[in-house]
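The block underneath contains the structure these notes are about, expressed in structure tokens.
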Amino acid sequence: MKATTLALVAVGLTLGLSGCATTKSPTGRSQTLLYSSSQMQQMGDASFEEMKKQQKISSDKKLTQYVNCVANRVTAVLPDQSQKWDVVLFNSEQVNAFALPGGHIGVYTGLLNVASTPDQLATVLGHEVAHVLAQHGNEQVSRAQMTGMGMQIADAALGASGVSNRDLYMSALGLGAQVGVILPFGRAQESEADVMGLELMARAGFDPAQSVVLWHNMSKAGGSQGPELLSTHPSNSNRIAQLEQLQGQMQPLYQSAKANIKNQCVLPK
């Protein structure tokens with residue numbers, strides 16, 4: 001993205017804060033959102049372009065097709081089908097993935113060593129897409145604005161590839177583990193993304209029971225510190241217990257959806 005365009009983004013972000021908007025999240029939780037959908041999309045677009053510059057994109061066509069298959073099935077059940085999703089597989093040992101406003105999904109090849117089945121990968125992608133649907137990034141940036149960090153985030157849009165505050169700008173959208181600055185989603189947001197993500201994967205024909213297996217795998221991966229994904233998406237007994245409790249609601253959705261799935265996603269050997 002050109003510097004002039006990024007400058008317009010910064011101006012829009014700074015001047016567009018006309019007031020505090022209090023709304024309800026998809027699960028009924030109260031949210032304070034200061035930014036419009038178009039502003040969040042601009043931030044997501046700029047951040048994704050930066051990630052593609054920073055990270056090596058995988059040249060493995062079969063693996064890329066597999067990741068796209070899982071992502072496409074998850075996004076195919078979203079309420080808004082006018083949004084086109086751009087999916088990129090990054091060649092990195094990081095056990096991580098992310099989704100950004102504007103329809104962007106990034107997956108790291110290292111995640112596929114832990115999320116070892118299509119259902120487990122769908123668990124992660126459903127969770128990440130749910131963060132976008134629930135406008136958690138907007139909450140993060142709004143919180144930063146209200147605590148005095150918002151101007152730094154807006155300033156970073158002046159040059160996402162060169163400004164010193166770029167890391168803060170990107171981490172507000174949930175990219176903290178990748179850029180070394182963490183503004184973690186809160187427990188309420190994580191719980192919300194778990195519930196919404198579980199429903200998304202079930203409606204897409206992926207077995208929600210595999211979400212429990214996935215988070216157990218995450219807890220075991222990467223030694224005592226766990227994988228990068230857990231630095232902003234902590235796995236704990238409460239999360240796993242919640243996923244187990246939701247199975248009764250989600251399994252019927254899965255059983256109904258799987259009979260109609262024509263596009264089976266198979267992890268290449």
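The values are calculated or read from the model by the stated rules, or taken from the named source; none is laboratory data. Please read all numbers here as calculations on a predicted model, not as lab measurements. Cβ placement follows ideal geometry from the backbone for every residue including glycine, while neighbour counts extend to all protein chains displayed. Note: areas computed on protein heavy atoms with side chains; ligands, DNA, RNA excluded. Shrake-Rupley method; radii C 1.70, N 1.55, O 1.52, S 1.80 Å.
Condition test on residue 53, is it within 19 Å of the chain's Cα centre (by Cα) and open to solvent by 70 Å² or more (accessible area, probe 1.4 Å)? Taking the combined requirement at face value, the residue satisfies it. Considering region 187-210, and only residues there that are of a type in the set (Gly, Ala, Ser) and farther than 13 Å from residue 27 by Cα, the residue that is surrounded by the most Cβ atoms within 10 Å (Cβ to Cβ) turns out to be 202. The combined condition, being more than 18 Å from the chain's Cα centre (by Cα) and within 30 Å of residue 268 (Cβ to Cβ), is not fulfilled by residue 81. No other residue among 71, 76 is closer than 21 Å to residue 193 by Cα, in contact with a Phe, Trp or Tyr (Cβ under 7 Å, 6 or more places away or on another chain) and at pLDDT 95 or above apart from 71. With the requirement that a residue be at pLDDT 95 or above and touching a Cys at 6+ places or on another chain (Cβ under 9 Å), what does region 120-153 give you? Hits for region 120-153 are 121, 122. Of the residues making up region 10-27, not a single one is open to solvent by less than 50 Å² (accessible area, probe 1.4 Å), at pLDDT 75 or above, within 18 Å of residue 136 (Cβ to Cβ) and aliphatic (A, V, I, L, M). In summary, strands (runs of 3 or more DSSP E) completely within region 80-145 and bearing 3 or more residues that are open to solvent by 10 Å² or more (accessible area, probe 1.4 Å) occur at 86-90.
Suppose the filter is open to solvent by 10 Å² or more (accessible area, probe 1.4 Å), within 27 Å of residue 213 (Cα to Cα) and among the polar types (S, T, N, Q); does residue 68 pass it? For residue 68, the condition - open to solvent by 10 Å² or more (accessible area, probe 1.4 Å), within 27 Å of residue 213 (Cα to Cα) and among the polar types (S, T, N, Q) - is met.
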